[in-house]
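Student: Please find one structure pasted underneath; my questions will follow.
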Amino acid sequence: MKTKLLLTTLFGVAAWSLSSLAMANWNTGPCTAGAAPCIETEINGNIYHFNGSGGHAGVWHGRPAAEGGGDFEFSGDNVALDCPDQSVSCTLSLSGQVKKCLDSDENWRIGVKVTGADVSAGDFLCSLLTVSGFPWYSKDPTIASHCPFEDNCDTFIPYVPDAASYTANFGNVTVSSFLDTYVDNEHLHGVVFTPGANATFDFTNKTFYSCDEDAGCSIDGILELNNADALNVY
């Protein structure tokens, strides 16, 4: 029997580390033009950025300290996880941070780190599920070897000025309950981040793969930023 798991937040689960890196200061005001990426967020009508001059490079950023800090959270209803022998519908939340960095060829890349998750509501099995394997890291999907997933700027997402969206693989993910392990140290292909107001992570019909590229469960849903008004990459 197939299992349908509603994962209600892929970027918004369980506080993305409250370390000093996650609480890194942002500059006040909107982005200005520059050669480097500029990442901007709006919270409670206030705008913050880490600028395009190259400042803040290599530092993970959660929400601005002026807005309470913590991590960005993304949520989505009716997100389905389908496995060969199990089926459940739940609400999932994931939390995370973002950074810009220069790779070994002096090219700018964007990194995303997911540090926590929470599953609630929905089918009976939802309350029994544990999502783990954190931190999960984004990886450039054009790199032939999908594993490992690590905090390495050379493998993060290439920066494209004013891109409408960014696509990345994410790993390593484990989903289990006391009954079974459904996703075991696996990764997702082709997750799409669309920046802007109500920024989203699109997990529509995405399959989990092992490092040997064996297909397993799949996830289907879209998660929306829920603790900021906007998250942009310029």
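Student: Using 17 Å as the cut-off for backbone N distance, which residues of the stretch 218-234 belong to the label zone defined by a point 7 Å from the Cα of N46 along Cα→Cβ?
Tutor: The answer is 227-231.
Student: Something else about it: Order the peptides 72-81, 124-133 from the highest to the lowest mean number of other Cβ atoms within 10 Å of their residues.
Tutor: In decreasing order of mean packing, 72-81, 124-133 become 72-81, 124-133.
Student: Using 0.36 nm per residue, how much length does the chain from D214 to A144 gain when fully extended, once their Cα-Cα distance is taken away?
Tutor: That pair, D214 and A144, stretches by 23.7 nm at full extension.
Student: At what distance in nm do the modelled label points of T194 and A121 sit from each other, each positioned 7 Å from its Cα along Cα→Cβ?
Tutor: 2.1
Student: What ranking, highest mean first, results for peptides 175-187, 87-99 when packing means the other Cβ atoms within 10 Å averaged over each residue?
Tutor: Top to bottom by mean Cβ count within 10 Å: 87-99, 175-187.
Student: Using mean Cβ contacts within 10 Å as the protection proxy, how do 51-57, 197-203 order, highest first?
Tutor: Most protected by this proxy first, the peptides run 197-203, 51-57.
Student: Using the Cα gyration tensor of the stretch 17-151, with a ≥ b ≥ c the square roots of its eigenvalues, what is the shape: rounded (a/c below 1.5), prolate (a/b larger than b/c) or oblate (neither)?
Tutor: Note, shape of the stretch 17-151 comes out oblate.
Student: Could you give the Stokes-Einstein D for the stretch 122-212 in µm² per second, using the C-alpha Kirkwood radius, 4 °C, 1.567 mPa s?
Tutor: Calculated translational D: 90 µm²/s.
Student: Using 0.36 nm per residue, how much length does the chain from A57 to S165 gain when fully extended, once their Cα-Cα distance is taken away?
Tutor: Separation in residues times 0.36 nm, less the Cα-Cα distance, equals 36.8 nm.
Student: Apply the a/c threshold of 1.5 to the C-alpha gyration tensor of the chain and tell me whether it is rounded, prolate or oblate.
Tutor: prolate
Student: Quickly work out the L102-to-S87 label distance, labels modelled 7 Å from Cα along the C-beta direction, and quote it in nm with one decimal.
Tutor: Output for this residue pair reads 5.4 nm.
Student: Give me the count of lysine pairs in the chain whose alpha carbons sit under 25 angstrom apart, restricted to pairs 8 or more positions apart or on different chains.
Tutor: 10
Student: Take the alpha carbon atoms of the stretch 180-234, find their center, do the same for the stretch 74-114, and report the distance between the two centers in whole angstrom.
Tutor: With the stretch 180-234 and the stretch 74-114 each reduced to a Cα centre, they are spaced 5 Å.
Student: Say a paramagnetic label sat at a point 7 Å from the Cα of D180, along Cα to Cβ; which residues of the stretch 120-137 have their backbone N under 17 Å from it?
Tutor: 123-131
Bear in mind that the values in this text are calculations on the coordinates, not laboratory data. Since we're looking at a predicted model, the values are computed, not measured. Heads up, the Cβs are rebuilt from the backbone with ideal geometry, glycines too, and the neighbour counts pull from every protein chain shown.
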